[in-house]
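The structure appears right after this line, and notes come after that.
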Amino acid sequence: MTKLLVTGANGQVGSEIREISGIYPEYEITYMDRSIVDMADTKAIERYFEDKTFDALINCAAYTAVDKAESQPDLADAINSRAVETLAKIAKAKKMSLIHISTDYVFNGQNYRPYMESDSTDPQGVYGRSKRDGEEAIVSVAPANTIIIRTSWVYSSFGNNFLKTMLRLGNEKERIGVIFDQVGTPTYARDLAKMILDILPNIQNGHPEIYHYSNEGVASWYDFAQAIFELSGIQCQVNPITTDQYPTPATRPYYSLLNKNKIKQKYNIDIPYWKDSLEKCIALLGEKE
């Protein structure tokens, strides 16, 4: 049996791994959250691993408050960069496979075609820089059997996310404004979690590899909101607005489509269309009510 550790266990991806773990009896999974180890505390991370070892580590822990990061750069850096470097060193020393979740925010969002793994990074805010620094730390430490997975626009039935915000606002208001000039791909955290558990036995590389994963297709936040209301039967008018009509502390990428050919070819996976996955997630939320 393969022993796995999942950090950030109460986040969206970590929660989805826990939810679907029953269909993976080959894995013995341990879940770590902030009540067990403060990921901003390097010494605490090191102490946790002193008497423990695993076959693989799935790092879902992250500081993801994009706007708040602008005023908390040290905390974002501690969790998204320094903790990641520590985990990479531990993975290397204990010969553990490492799967690390990163983000489309490492790019500047000014591309004209889907971003490839080889494209230059150019983060535009504290959050993106801290995640880029975490990637670079992994590459520098160079543990074997390690992959970095960049993803985008993650949502699920767990935690706080755009889907849940829209469902709440749609039931509270007659009309809302949603940005239409930022495009990317919504990613269902359950699809991402399942893909990770599926490919894990086949991760074999001498040096860290970067892959992109999101659901298939393209949408603006406006399209995403419209689809949420259509699929959930909410009667709320969505008005398209521009980014400058909704200023935020952090700069968002205008364009964050990810090219997924590398991961599809390497691991022979099929990726669901974003709206199909959204429909499944909304149905699941309906069952939970």
Among GLN72, GLN110, which is the only one that is polar (S, T, N, Q), closer than 30 Å to GLN226 by Cβ, open to solvent by 20 Å² or more (accessible area, probe 1.4 Å) and more than 15 Å from the chain's Cα centre (by Cα)? GLN110
Of all residues in the stretch 229-263, how many are part of a helix (DSSP H, G or I), open to solvent by 80 Å² or more (accessible area, probe 1.4 Å) and either within 27 Å of GLY125 (Cα to Cα) or hydrophobic (A, V, I, L, M, F, W, C) (or both)? 2
In the stretch 131-145, which residues are of a type in the set (S, T, N, Q) and outside any helix (DSSP H, G or I)? ASN145
Here are the criteria: (1) open to solvent by less than 40 Å² (accessible area, probe 1.4 Å); (2) in contact with a Leu (Cβ under 6 Å, 6 or more places away or on another chain). Tell me which single one SER220 does not satisfy. (2)
Checking LYS92 against (1) part of a loop (DSSP other than H, G, I, E, B); (2) more than 22 Å from VAL13 (Cβ to Cβ); (3) free of Cβ contacts under 8 Å to residues at least 60 places away in the same chain; (4) among the basic types (Lys, Arg): exactly one of these is not met. Which one? (1)
List the strands (runs of 3 or more DSSP E) that sit entirely inside the stretch 1-68 and contain at least 1 residues that are open to solvent by 20 Å² or more (accessible area, probe 1.4 Å). 2-7, 27-32
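Got at least one residue in the stretch 192-209 being in a strand (DSSP E or B) and either open to solvent by 10 Å² or more (accessible area, probe 1.4 Å) or out of contact with any strand residue (DSSP E or B) (no Cβ under 8 Å at 6 or more places or on another chain) (or both)?
Of all residues in the stretch 192-209, those in a strand (DSSP E or B) come to 209.
Those still in the list that are either open to solvent by 10 Å² or more (accessible area, probe 1.4 Å) or out of contact with any strand residue (DSSP E or B) (no Cβ under 8 Å at 6 or more places or on another chain) (or both) too: 209.
Yes: one or more hits.
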For the stretch 116-150, name all the residues that are without any contact (Cβ under 8 Å) to a residue 24 or more places away in the chain and closer than 13 Å to HIS212 by Cα. SER118, ASP119
Just to be sure, is LEU285 open to solvent by less than 10 Å² (accessible area, probe 1.4 Å), farther than 22 Å from VAL106 by Cβ and hydrophobic (A, V, I, L, M, F, W, C)? no
Taking the conditions exactly as written (in contact with a Gly (Cβ under 8 Å, 6 or more places away or on another chain) and surrounded by fewer than 24 Cβ atoms within 10 Å (Cβ to Cβ)), does SER81 satisfy them or not? yes
Can you go through GLU216, GLU172 and tell me which one is free of Cβ contacts under 8 Å to residues at least 60 places away in the same chain and in contact with a helix residue (DSSP H, G or I) (Cβ under 7 Å, 6 or more places away or on another chain)? GLU216
Any chance the stretch 141-164 includes a residue that's open to solvent by 50 Å² or more (accessible area, probe 1.4 Å), more than 25 Å from TYR31 (Cα to Cα) and not hydrophobic (A, V, I, L, M, F, W, C)? no
Are any residues in the stretch 104-131 within 23 Å of ASP77 (Cβ to Cβ) and among the polar types (S, T, N, Q), and if so, which ones? ASN108, SER120, THR121, GLN124, SER130
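The values are calculated or read from the model by the stated rules, or taken from the named source; none is laboratory data. Computed from a predicted model, the values in this text were never measured in an experiment. Neighbour counts are summed over all protein chains in view; Cβ atoms, including those assigned to glycine, are modelled from backbone coordinates with ideal geometry. For accessibility, only protein heavy atoms count, side chains too; no ligands or nucleic acids. Shrake-Rupley method; radii C 1.70, N 1.55, O 1.52, S 1.80 Å.
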